[in-house]
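These notes are about the structure you will find just below.
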Amino acid sequence: MTQVSSEEFGALPDGRRVRRFLLRSDSVSLRVQTFGAIVTGLETKDRRGNAADLILGFDTLEGYINKHPYFGAVIGRVANRIAEGKFSIDGKDYQLPINNGPNSIHGGLKGFDKVLWTPEALPNGVRFSMTSADGEEGYPGELKVSVSYVLDGKELTINYKAEATKTTPINLTNHSYFNLAGHGTPNIYDHEVSIEADYYLPVDKTSIPTGEIASVANTYFDLRKPVVLENLIENKLMEGFDHNFCLSLSKQRSPCARVYHQPSGRLLEVETTQPGIQFYTANFLDGSLKGKGGAVYPKHSAFCLETQNWPDAVNKKNFPDALLRPGEEYNHTTWFTFSTVK
């Protein structure tokens with residue numbers, strides 16, 4: 001049985017109070033707050049029984065209010081990039097704020113990561129809800145959204161649901177930064193990663209997919225068998241990963257990624273109903289942020305496994321449908337299982 005409790009975690013500049021929920025099972029402890037529905041901590045034990053917090057973040061609410069790289073946040077209305085912030089629906093053109101080079105990223109200037117969500121305690125978790133207004137950040141239609149975090153033993157389930165009053169693009173994900181050695185560890189080069197994808201999306205110089213769906217065979221993106229990141233990032237793909245890997249389009253629960261940290265024995269396995277997963281190796285961290293316990297977070301000190309639709313899918317006819325229409329329900333789930341290998 002998972003214990004669920006909550007505490008006050010500070011106030012926003014306008015005085016609204018923020019709460020933080022603690023979900024505790026026999027093997028995992030999760031902390032998640034109402035501001036941004038942000039995961040602020042996740043503790044598991046290593047093979048020797050020593051606990052560590054695996055999530056990058058801050059000790060106080062102020063860190064999350066200030067500018068940061070989406071640590072632990074729910075991302076929406078559309079995660080990842082939309083080319084030039086432009087798309088068309090039924091002949092009508094839309095322009096979003098530009099906040100990533102020439103493109104729009106992660107919902108715009110005020111995405112879902114900057115919203116105060118309404119919480120509801122569940123038997124083994126918590127559900128957060130919010131409403132995005134018609135026209136907010138340039139997106140059409142009012143969007144009602146809920147995100148639930150449920151912890152059952154070693155398994156964390158994140159479910160996303162939404163309904164819209166007008167046809168709108170939508171792509172929800174969680175942007176937690178993981179380091180299986182502990183959040184203050186300088187790099188992830190000793191992590192072993194596998195991703196069950198035969199194809200990936202090549203990108204242009206602004207990280208927008210070119211439209212090609214390329215085979216991973218005979219490339220650095222072939223992660224179908226486990227690869228130690230040191231062998232790739234330090235020696236070959238020097239900048240690291242920030243790419244979408246193409247998964248099953250079945251919308252059924254399917255395994256997609258596995259990360260193993262041999263020194264600690266920690267193992268993370270990911271399953272999802274989504275058609276893609278963005279593997280990102282924290283290439284833009286530079287050590288300038290002071291995190292929990294005074295830790296600094298340099299480049300490649302964490303990884304993200306963002307289960308989602310393919311980037312810029314609203315502008316690519318050969319990519320999975322990115323539109324939610326009135327009367328439909330957006331409903332996707334991702335499962336993170338944390339264990340140890342002796």
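The values are calculated or read from the model by the stated rules, or taken from the named source; none is laboratory data. Model, not experiment: these values are computed from the prediction. Using ideal geometry, Cβ is built from the backbone for each residue, glycine included, and neighbour counts are taken over all protein chains shown.
For segment 187-220, give me each residue that is under 13 Å from Asn244 (Cα atoms) and of a type in the set (Ser, Thr, Tyr).
Matches in segment 187-220: Tyr199, Tyr200, Ser207, Thr210, Ser215.
Working carefully through the options Ile213, Ile195, find the one that is modelled with pLDDT of 95 or more and surrounded by fewer than 22 Cβ atoms within 10 Å (Cβ to Cβ). Steps first, answer last, please.
Numbers: Ile195 fails: surrounded by fewer than 22 Cβ atoms within 10 Å (Cβ to Cβ).
Being modelled with pLDDT of 95 or more and surrounded by fewer than 22 Cβ atoms within 10 Å (Cβ to Cβ) holds for just one of Ile213, Ile195, which is Ile213.
With Ser25, Ser6 as the choices, which residue is touching a Lys or Arg at 6+ places or on another chain (Cβ under 6 Å) and either touching a residue at least 24 places away in the same chain (Cβ under 8 Å) or surrounded by 21 or more Cβ atoms within 10 Å (Cβ to Cβ) (or both)? Please lay out each step first, then the result.
Numbers: Ser25 fails: touching a Lys or Arg at 6+ places or on another chain (Cβ under 6 Å).
Within the list Ser25, Ser6, the selection yields Ser6.
Examine segment 221-243 for a residue that is outside any loop (DSSP other than H, G, I, E, B), buried (at least 18 other Cβ atoms within 10 Å of the Cβ), touching a Leu at 6+ places or on another chain (Cβ under 6 Å) and of a type outside the set (A, V, I, L, M, F, W, C), and state whether such a residue exists.
no
Count, please, the residues in segment 86-106 that happen to be among the small types (Gly, Ala, Ser), more than 14 Å from Pro209 (Cα to Cα) and either part of a loop (DSSP other than H, G, I, E, B) or in contact (Cβ under 8 Å) with a residue 12 or more places away in the chain (or both). Quick ask: steps written out before the conclusion?
From segment 86-106, those among the small types (Gly, Ala, Ser) are 88, 91, 101, 104; that's our starting set.
Within this subset, residues satisfying the condition of being more than 14 Å from Pro209 (Cα to Cα) are 88, 91, 101.
Narrowing the set further to residues that are either part of a loop (DSSP other than H, G, I, E, B) or in contact (Cβ under 8 Å) with a residue 12 or more places away in the chain (or both) leaves 91, 101.
Here the count works out to 2.
For segment 309-319, enumerate the residues that are surrounded by 16 or more Cβ atoms within 10 Å (Cβ to Cβ) and on the phi < 0 side of the Ramachandran plot. Steps first, answer last, please.
Just the residues of segment 309-319 that are surrounded by 16 or more Cβ atoms within 10 Å (Cβ to Cβ), to begin with: 309-316, 319.
Within segment 309-319, Asn309, Trp310, Pro311, Ala313, Val314, Asn315, Lys316, Phe319 qualify.
Asn309 - would you say it is farther than 30 Å from Gly153 by Cβ and in contact (Cβ under 8 Å) with a residue 60 or more places away in the chain? Spell out how you get there, then give the answer.
Working: farther than 30 Å from Gly153 by Cβ: no; in contact (Cβ under 8 Å) with a residue 60 or more places away in the chain: yes.
It is false that Asn309 is farther than 30 Å from Gly153 by Cβ and in contact (Cβ under 8 Å) with a residue 60 or more places away in the chain.
Right, Phe128: farther than 15 Å from Arg19 by Cα and either at pLDDT 95 or above or in a loop (DSSP other than H, G, I, E, B) (or both) or not? Outline the logic, then answer.
Values: farther than 15 Å from Arg19 by Cα: no; either at pLDDT 95 or above or in a loop (DSSP other than H, G, I, E, B) (or both): yes.
Against the criterion (farther than 15 Å from Arg19 by Cα and either at pLDDT 95 or above or in a loop (DSSP other than H, G, I, E, B) (or both)), Phe128 does not qualify.
May I ask you to say which residue of Leu305, Leu324 is under 30 Å from Glu62 (Cβ atoms) and among the aliphatic types (A, V, I, L, M)? If you could, list the steps in order and put the result at the bottom.
Details: Leu324 fails: under 30 Å from Glu62 (Cβ atoms).
Exactly one of Leu305, Leu324 is under 30 Å from Glu62 (Cβ atoms) and among the aliphatic types (A, V, I, L, M), namely Leu305.
Could you list, in sequence order, all residues of segment 16-51 that are out of contact with any helix residue (DSSP H, G or I) (no Cβ under 7 Å at 6 or more places or on another chain) and aromatic (Phe, Trp, Tyr)?
Matches in segment 16-51: Phe21 only.
Of the residues Leu109, Leu156, which is of a type outside the set (D, E, K, R), crowded, with 20+ Cβ neighbours inside 10 Å and either more than 15 Å from the chain's Cα centre (by Cα) or not in a loop (DSSP other than H, G, I, E, B) (or both)?
Details: Leu109 fails: crowded, with 20+ Cβ neighbours inside 10 Å.
The match here is Leu156.
Of the residues Asp222, Asp198, which is within 22 Å of the chain's Cα centre (by Cα) and more than 20 Å from Phe303 (Cα to Cα)? Before you say what the answer is, go through the steps one by one.
Numbers: Asp222 fails: more than 20 Å from Phe303 (Cα to Cα).
After ruling out the rest, the residue left standing is Asp198.
Taking only pairs six or more apart or across chains, which ones have beta-carbon atoms under 6 Å, a first residue in segment 209-232 that is closer than 25 Å to His261 by Cα, and a second residue that is among the charged types (D, E, K, R) and assigned to a strand (DSSP E or B)?
Listed pairs, sorted by first residue: Pro226/Glu192; Val228/Glu192.
Kindly establish whether Asp204 is under 27 Å from Ser6 (Cα atoms) and either surrounded by fewer than 17 Cβ atoms within 10 Å (Cβ to Cβ) or modelled with pLDDT of 95 or more (or both). First the steps, then the outcome.
Values: under 27 Å from Ser6 (Cα atoms): no; either surrounded by fewer than 17 Cβ atoms within 10 Å (Cβ to Cβ) or modelled with pLDDT of 95 or more (or both): yes.
Judged against the criteria, Asp204 is not a match.
Within the bounds of segment 7-14, is there any residue that is more than 27 Å from Ala121 (Cα to Cα) and modelled with pLDDT of 95 or more?
Within segment 7-14, the subset more than 27 Å from Ala121 (Cα to Cα) is none.
Looking for residues that are more than 27 Å from Ala121 (Cα to Cα) and modelled with pLDDT of 95 or more, one finds none in segment 7-14, hence no.
Determine the pairs where a residue that is of a type in the set (Lys, Arg), located within segment 155-175, has a partner that is part of a strand (DSSP E or B) with Cβ atoms under 7 Å apart, the partner being 6 or more residues away or on another chain.
Listed by first residue and then by second, the contacts come to Lys161/Ser146; Lys161/Tyr330; Lys161/Asn331.
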